[in-house]
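S.K.: A single structure is presented below for examination.
The values are calculated or read from the model by the stated rules, or taken from the named source; none is laboratory data. Note that the structure is predicted; figures quoted are calculated from it, not measured. Heads up, the Cβs are rebuilt from the backbone with ideal geometry, glycines too, and the neighbour counts pull from every protein chain shown. Ligands, DNA and RNA are excluded from the accessible area calculation, which covers all protein heavy atoms including side chains. Shrake-Rupley method; radii C 1.70, N 1.55, O 1.52, S 1.80 Å.
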Amino acid sequence: MSVPHPAPLSEASYSAVELLPGDDEVVLLDQRRLPAVEEYVRLRTSAQVAQAIATLAIRGAPAIGIAAAYGLVLAAARGEDLAEASARLRATRPTAVNLAWALERMARAPGDRAALAAEARAIHREDVEACRAMGRIGAAHVPDGATVLTHCNAGALATGGYGTALGVVRAARESGKRVRVVADETRPVLQGARLTAWELQRDGFDVTVITDSMVAQLMRRRGVDLVVVGADRIARSGDVANKIGTYGVACLAAVHEVPFYVAAPWSTVDLACPDGDAIPIERRSADEVTQLGGVRVAPEGVSVDNPAFDVTPARLIRAVFTERGEAAPPGERTLQALQPRSC
Ligand code: MRU
């Protein structure tokens, strides 16, 4: 169903997800259809929200956490069993720790609809504030006139609004710097070509899409000044899980001496997870690899592997930007130093 989008909490002209007044409907921008169609869909049950997360109608670590929190509000509005709804939402995607983090935070709130709605909106609002704060921190590392390469979509569409990696780009421009973005297309789901290009173009940024296979040559020709990506989970060691292909970009950045940065809210940091090897990596359907836009590009029946994320070792990352400050280089000591004393 198509509906006009509501006034977003993020103050942008569009929003990945919102809870409508009345607290019994969630509206989300269907990211499967972008950039061709800007369609908002209304959801009334937590099962519909879980389905939207699993099928990537909404995606990006912070955004799926917010959507799951709103899904629990719908569960309360319909008198569903909250524990069951929470388990269903949590099972949708294993890698992004923001999903479990948001649901655990919701479990600590009183179980009535009004209190859950207030908590879910607070999670959303705080994410936008975190994006703006880490954006300002990261922007200090962006030289005037820089070309920034990014992978996947870590923008307003992937968060409560504003973005993590793209928040750094937005903040750099807001501080008066000229900035150009190179967006990897990001096979197999094309979040870079479809989503990063859409939101940056819409906001008037200079953005160029390249295929993932072009990064090496671009870096060899000195066409990239720095890399900024988002994250789905940051382990205590400073290892970072992000969209498949990120690790390759980090290796290329190291070879070409291009600074490689990660921007993520504290809700993405999982200090209970020792290192990258302990991060669960989601495996998705073969169709994402064998088909492009519904057209088959590999023979029927061929075996396929489709890990949705990879792990970039901490040693390849110059700094992680969070709303609490930067961990540079990322690791147990620098991450723990950002942890508030009471936790
Ligand atoms: O599979 P997706 O599209 O949910 O993967 C998203 C990413 O890997 C993003 O880079 C990450 O979630 C950071 S979003 C601010």
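S.K.: Answer yes or no as to whether Leu116 is touching a Gly at 6+ places or on another chain (Cβ under 8 Å) and within 26 Å of Ala47 (Cβ to Cβ).
M.R.: Numbers: touching a Gly at 6+ places or on another chain (Cβ under 8 Å): no; within 26 Å of Ala47 (Cβ to Cβ): yes.
Taking the combined requirement at face value, the residue does not satisfy it.
S.K.: Please enumerate the residues belonging to the range 197-223 that are away from the ligand (no atom under 15 Å from the Cβ), more than 17 Å from Cys251 (Cα to Cα) and either open to solvent by 30 Å² or more (accessible area, probe 1.4 Å) or not in a strand (DSSP E or B) (or both).
M.R.: Gln201, Arg202, Asp203, Gly204, Phe205, Asp206, Val207, Thr208, Val209
S.K.: Just to verify a result, which residue in the range 57-73, among those that are buried (at least 24 other Cβ atoms within 10 Å of the Cβ) and farther than 24 Å from Ala272 by Cα, is nearest to the chain's Cα centre (by Cα)?
M.R.: The residue in question is Ile58.
S.K.: Can you go through Ala76, Ala50, Ala85, Ala91 and tell me which one is open to solvent by 50 Å² or more (accessible area, probe 1.4 Å), free of Cβ contacts under 8 Å to residues at least 60 places away in the same chain and away from the ligand (no atom under 11 Å from the Cβ)?
M.R.: So the residue among Ala76, Ala50, Ala85, Ala91 that is open to solvent by 50 Å² or more (accessible area, probe 1.4 Å), free of Cβ contacts under 8 Å to residues at least 60 places away in the same chain and away from the ligand (no atom under 11 Å from the Cβ) is Ala91.
Results for (1) under 16 Å from Val227 (Cα atoms); (2) modelled with pLDDT of 95 or more; (3) within 12 Å of the ligand (Cβ to nearest atom), shown as yes or no for each residue.
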| position | (1), (2), (3) |
| --- | --- |
| Val148 | yes, yes, no |
| His151 | yes, yes, yes |
| Gly160 | no, yes, yes |
| Ala171 | yes, yes, no |
| Glu174 | no, yes, no |
| Thr186 | yes, yes, yes |
| Arg194 | no, yes, yes |
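S.K.: Test each condition in (1) touching a residue at least 40 places away in the same chain (Cβ under 8 Å); (2) more than 22 Å from Val228 (Cα to Cα); (3) within 15 Å of the ligand (Cβ to nearest atom) for Gln339 and report the one that comes out false.
M.R.: Condition (3) is where Gln339 drops out.
S.K.: Of the residues Arg136, Arg194, which is closer than 20 Å to Val320 by Cα, basic (Lys, Arg) and in a helix (DSSP H, G or I)?
M.R.: After ruling out the rest, the residue left standing is Arg136.
S.K.: Any residue that is of a type outside the set (A, V, I, L, M, F, W, C), within 25 Å of Glu326 (Cβ to Cβ) and either touching a strand residue (DSSP E or B) at 6+ places or on another chain (Cβ under 6 Å) or open to solvent by less than 40 Å² (accessible area, probe 1.4 Å) (or both) - is there at least one of those in the range 172-183?
M.R.: Scanning the range 172-183 turns up at least one residue that is of a type outside the set (A, V, I, L, M, F, W, C), within 25 Å of Glu326 (Cβ to Cβ) and either touching a strand residue (DSSP E or B) at 6+ places or on another chain (Cβ under 6 Å) or open to solvent by less than 40 Å² (accessible area, probe 1.4 Å) (or both).
S.K.: Something else: So how many residues does the range 229-243 have that are in a loop (DSSP other than H, G, I, E, B) and either over 19 Å from Asp270 (Cα atoms) or away from the ligand (no atom under 13 Å from the Cβ) (or both)? Give the steps one after another, and end with the answer.
M.R.: Kept after step one, since they are in a loop (DSSP other than H, G, I, E, B), are these residues of the range 229-243: 230-232, 236-239.
From the residues that got through so far, the ones that are either over 19 Å from Asp270 (Cα atoms) or away from the ligand (no atom under 13 Å from the Cβ) (or both) too are 236-239.
Residues that pass the stated criteria total 4.
S.K.: Could you list, in sequence order, all residues of the range 151-173 that are in a helix (DSSP H, G or I) and within 11 Å of Asp203 (Cβ to Cβ)?
M.R.: Ala156, Leu166, Val169, Arg170, Arg173
S.K.: Mind counting the residues in the range 94-134 that are more than 16 Å from the ligand (Cβ to nearest atom), of a type in the set (A, V, I, L, M), touching a residue at least 12 places away in the same chain (Cβ under 8 Å) and open to solvent by 10 Å² or more (accessible area, probe 1.4 Å)?
M.R.: 2
S.K.: Pairs, please: C-beta under 6 Å, at least 6 apart or cross-chain, first residue aromatic (Phe, Trp, Tyr) and in the range 176-204, second part of a loop (DSSP other than H, G, I, E, B) and open to solvent by 40 Å² or more (accessible area, probe 1.4 Å)?
M.R.: Matching pairs, first to second residue: Trp198/Pro35.
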